[in-house]
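What follows draws every value from the coordinates through simple rules; no lab data is involved. Keep in mind that what you see is a predicted model, and the values were worked out from it rather than measured. Cβ coordinates were reconstructed from backbone atoms using ideal geometry, including for glycine residues, and neighbour counts include every protein chain displayed.
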Amino acid sequence: MVRGNKLNNNNIIRIRTALLNTSTHTNSEPAIKVQEEEHSGTQPQATTTTPKPKREPFVKNLFLGKFDKNVLAYPEVLDQERHELLHEMVVPIERFIDEQVDGAKIDHEAKIPEETLEGLKSLGLYGQQIPEEYGGLGLGATEYARIAEITSLDGSIAVTLAAHQAIGLKGIIIAGTEAQKAKYLPRLATGEWTAAFCLTEPSSGSDAASIQTRATLSEDGKTWTINGNKIWISNGGYADLMTVFAKTKEVQRDGTIKDKVTAFIVERNFGGVNSGPPEDKLGIRGSNTCEVFFDNVPVPAENVIGEVGGGFKVAMNILNSGRFSMGSSGAGILKRVMKWAIEHATTRHQFSRPLSDFALIKEKFARMSVNIYAMESMAYLTAGILDGTQDPDCSVEAAMVKVFSSEGAWKWSSECLQVLGGLGYTKSYPFERYLRDARILLIFEGTNEILRLFIGLSGLQHAGLELRNLVKKLRNPLMNPGFILGKGIERFRQSKDNPKLDLDLSGHLHPSLMGGAEILEYCVKRFQYAVETVLARYGLEVAHPANQLEVARLADCAIDLYAMTAVLSRASRSHCIGIHKSDHELKMALFFCEEASRRVRIAVKDIEDGPFNSGDNVITEIADEVLNNGGYVAGHPLTRTYW
Amino acid sequence: MSLRVLVGCKRVIDYAVKIRVRPDKLGVVTDGVKHSMNPFDEIAIEEAVRLKEKKIAKEVVAVSCGPTQAQETIRTALAMGADRGIHVEIPAKEMEKLEPLHVSKILAKLAEQEQAELVIVGKQAIDDDSNATAQMTAALLDWPQATFASKLEKTDGELEVTREVDGGLETIKVKLPAVVSSDLRLNEPRYATLPNIMKAKKKKIAKMKPSDLGVNLASHLEVIEVVDPPTREAGIKVEDVDTLVTKLKDSGRI
């Protein structure tokens, strides 16, 4: 127990550390809301006053083969009043974005015009999740996700808004004192002040604990002095308030002194804060990304967020809280871009037919719709769990939504561009801009690589505790013959790719989705087997960098499982309550499950086969040869060794 | 003197929606179609709210006649700054036959009941383009009217209204109480902000039926047929100005 536990904790810490840093690269992201939200008093007023149910973490439990069937009831967290209110709010925001925002101009000039920012502020978009008593709108995760669908129609605006409230001021909401909230939140809610989040440094990319920025406390204990440089700070050029992470010295119980990270609220007008020029970027060009320099900046002691030395946890909570809304943002963008591509496909004729007659074009729109459907379903399922659960643990789910939707946004905005051909490649059309803007989604808020490890290792850590004994026995069959016999039957069935389906998932869905339910159940079982196999094979070594391909495979399976759950649950609800065109939804949900199960089948087979047979070893060998050579190894195709 | 202003706001098919004629050719498709407040009525609401902000008006009351969803339109008006709403319930079926005269009678009656000194409505609704409600309301109340207002200023007990007329601007003075209809350039309506939308939830909307106001909805008009506008024929390209002139002469255009 101690052994497994310890290792897994180490992994997670390592991964989280890496995660933190990657996520602040270009520090900017649409998003919000975390498990820690519950403690923070930012409860969405959306939900009823009856106590919310507690739930075990859904995806983490999937690593154990446990499936919480409550999740198959797609969440409905908004009561009628909140529901209507949300739909009223959507109208002016949509109009504002359509009528007042010139995305091409923002991209070209690499700046959001002042009057556009003023418009966003006066609409109330700077205080979406700030509680009402501090002048904000007090929106829950579901409502925030819905609004993100619209505000993300311009990438620069989405990132500016997110840097302000999803990370910049989030620390105050999550861990701030009453006095800090009362002092800062009202002016942040109106946009009178803009916030930014300052973690990443030039020398501290993957290791947040290695930041060099330092805060020292004056002798009277009243003032900290901060010195250091931060990079990739969204809104960094003009933010009036920054959440800054710096090293502080902490005396340990044994008298030694240790460096810890502490979070501070820094006002620009404390003095000594300077910003570099805005970075010239591929996309989200209107979002202001700068270096920020802190030169002997005096910060009052009451501006520490949370506890001195507790800054690492604050940073984690802020970042974990954000990611889920990327799903609705990505879906919002793709729905818009797809509409334009369809307009072209139906009016452009080649070979005397509209492009939309050709199967290869049709396929794009079909797959794109299915992908958008999955994105939306996952995003709002996650938001629903966040809003409707007591102390929700959704960090893994949120990371999955981020990975899935960022890759979907990138791939499908590229395919929409493809439909236009050469026209799509020009700046006369918005496709290339949306494609460039989408690229950041795979990088910030934790790169997708880091997040896959986070998903896989978080799940394995969760499972490791409970599977400790199982794994021990599996690794030592001779000493545990009885156990191996019982487990052997189950594993024999698994080795024949024929797991026993006993979860009765189809009993919790509309009968039209029975096929999908069985597929999902099959995948859940296969996934459990894959998790056991990986743990038995690597034990504590699973977190070793050499084994990342296996961990990523588990993460990809888990993402597919969550996506299948989300689409089935949503389609079932839509069909049961008679939503217009729900048969279309059923079709998409079933198709998604079919495709996803093929991916899971292959991944589990690869895991079962092991690195020698799956090709992982060859990948490693080729990579090592190339890397050791400092470049491409093979001779030129024209090379001759004889005449 | 502080005015109470009554503003009419109609729920219409959104201006951006492509209109489709119903198969029975007696109307257009409204099911599942996006609706919003008539843009000219939005201008009317904006003007009333500005009067209130200038402390010329003491209260702005938004009125809408229509089915349940008309309340959404009233909510928008409330979010823009109107103080309260009146929803005159008219079932969707009867809505199709609602005429400017009916609405005028309702507005006139409400103006009396509410002791309003100013009624502002859009110059026309973008669905039926009748451009008649303001005029008939003024007639029913026997109040002066200032239609197609593009500027509105209050002087002592009077309104100075600039109207866009063919060939220029006309400035008139009307005594209060009066009826004004708003033209496109009167103002640029604000966006309802999210905090104001939330606050609007607490504002009251009174519900009533036309019969409560003694208004009879008997039809005076019958729709015989609704058809799509003729599709425009494709143009042609000409080589030079001479050919253009010849073609125009041949087709009898010049």
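Considering only residues in the stretch B:32-76 that are within 14 Å of another protein chain (Cβ to nearest Cβ) and assigned to a strand (DSSP E or B), the one that is surrounded by the most Cβ atoms within 10 Å (Cβ to Cβ) turns out to be B:Met37.
Tell me the helices (runs of 4 or more DSSP H) entirely within the stretch A:429-535 that contain at least 2 residues that are more than 30 Å from A:Ala158 (Cα to Cα).
Helices (runs of 4 or more DSSP H) meeting the threshold: A:448-474, A:481-495.
When A:Phe358 is tested against (1) crowded, with 18+ Cβ neighbours inside 10 Å; (2) of a type in the set (A, V, I, L, M, F, W, C); (3) free of Cβ contacts under 8 Å to residues at least 24 places away in the same chain, exactly one condition is not met: (1). For beta carbons closer than 9 Å, sequence separation of 6+ or different chains, a first residue in the stretch A:131-146 that is at the interface with chain B (Cβ under 10 Å from one of its Cβ atoms) and surrounded by fewer than 24 Cβ atoms within 10 Å (Cβ to Cβ) and a second that is hydrophobic (A, V, I, L, M, F, W, C) and assigned to a helix (DSSP H, G or I), the qualifying pairs are A:Glu132/B:Met198; A:Gly135/A:Leu185; A:Gly135/A:Leu188; A:Gly135/A:Ala189; A:Gly138/B:Met198.
I want to confirm something. Restricting to the stretch A:104-130 and keeping residues that are within 14 Å of chain B (Cβ to nearest Cβ) and of a type in the set (Asp, Glu), which single residue is surrounded by the most Cβ atoms within 10 Å (Cβ to Cβ)? The qualifying residue surrounded by the most Cβ atoms within 10 Å (Cβ to Cβ) is A:Glu118. Considering (1) under 20 Å from A:Ser203 (Cα atoms); (2) touching a strand residue (DSSP E or B) at 6+ places or on another chain (Cβ under 6 Å); (3) surrounded by fewer than 18 Cβ atoms within 10 Å (Cβ to Cβ), the lone condition that A:Pro277 does not fulfil carries the number (2).
Can you say whether A:Val618 is surrounded by fewer than 18 Cβ atoms within 10 Å (Cβ to Cβ) and among the hydrophobic types (A, V, I, L, M, F, W, C), as far as the supplied structure shows? So A:Val618 fits the description; yes. Annotation: of all residues in the stretch A:416-464 being within 17 Å of the chain's Cα centre (by Cα) and among the basic types (Lys, Arg), the one that is surrounded by the fewest Cβ atoms within 10 Å (Cβ to Cβ) is A:Arg439. Quick check on A:Ser614: is it farther than 22 Å from A:Ile519 by Cβ and of a type in the set (S, T, N, Q)? Against the criterion (farther than 22 Å from A:Ile519 by Cβ and of a type in the set (S, T, N, Q)), A:Ser614 qualifies. When the residues of the stretch B:169-200 are narrowed to those that are surrounded by fewer than 14 Cβ atoms within 10 Å (Cβ to Cβ) and in a loop (DSSP other than H, G, I, E, B), which ends up nearest to the other protein chains (Cβ to nearest Cβ)? Checked the stretch B:169-200; the qualifying residue nearest to the other protein chains (Cβ to nearest Cβ) is B:Glu188.
When the stretch A:551-587 is limited to residues that are in contact (Cβ under 8 Å) with a residue 40 or more places away in the chain and among the basic types (Lys, Arg), the one that is farthest from the other protein chains (Cβ to nearest Cβ) turns out to be A:Arg553.
All told, A:Glu302 meets the bar of being surrounded by fewer than 16 Cβ atoms within 10 Å (Cβ to Cβ), among the charged types (D, E, K, R) and under 24 Å from A:Lys183 (Cα atoms). Answer with yes or no whether A:Ala603 is in a helix (DSSP H, G or I), within 25 Å of the chain's Cα centre (by Cα) and surrounded by 12 or more Cβ atoms within 10 Å (Cβ to Cβ). Yes; evaluated as a whole, the condition is true for this residue.
For every residue, the table says whether it meets (1) within 30 Å of A:Glu594 (Cβ to Cβ); (2) aliphatic (A, V, I, L, M).
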{"position": "A:Trp340", "(1), (2)": "yes, no"}
{"position": "A:His344", "(1), (2)": "yes, no"}
{"position": "A:Ser369", "(1), (2)": "yes, no"}
{"position": "A:Ala379", "(1), (2)": "yes, yes"}
{"position": "A:Lys402", "(1), (2)": "yes, no"}
{"position": "A:Ser406", "(1), (2)": "yes, no"}
{"position": "A:Lys411", "(1), (2)": "yes, no"}
{"position": "A:Glu415", "(1), (2)": "yes, no"}
{"position": "A:Glu432", "(1), (2)": "no, no"}
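Working only within the stretch A:115-166, note down all residues that are over 17 Å from A:Arg95 (Cα atoms) and either of a type in the set (A, V, I, L, M, F, W, C) or in contact with a Cys (Cβ under 7 Å, 6 or more places away or on another chain) (or both). Once the filter is applied, which keeps residues that are over 17 Å from A:Arg95 (Cα atoms) and either of a type in the set (A, V, I, L, M, F, W, C) or in contact with a Cys (Cβ under 7 Å, 6 or more places away or on another chain) (or both), the stretch A:115-166 yields A:Ile130, A:Leu137, A:Leu139, A:Ala141, A:Ala145, A:Val159, A:Leu161, A:Ala162, A:Ala163, A:Ala166.
Among the residues making up the stretch B:1-31, those that are over 20 Å from the mean Cα position of the chain (by Cα), in a loop (DSSP other than H, G, I, E, B) and in contact (Cβ under 8 Å) with a residue 12 or more places away in the chain are B:Met1, B:Ser2, B:Arg22, B:Lys25, B:Leu26. Regarding A:Leu153, is this residue within 14 Å of chain B (Cβ to nearest Cβ), more than 17 Å from the chain's Cα centre (by Cα) and hydrophobic (A, V, I, L, M, F, W, C)? Criteria not met by A:Leu153.
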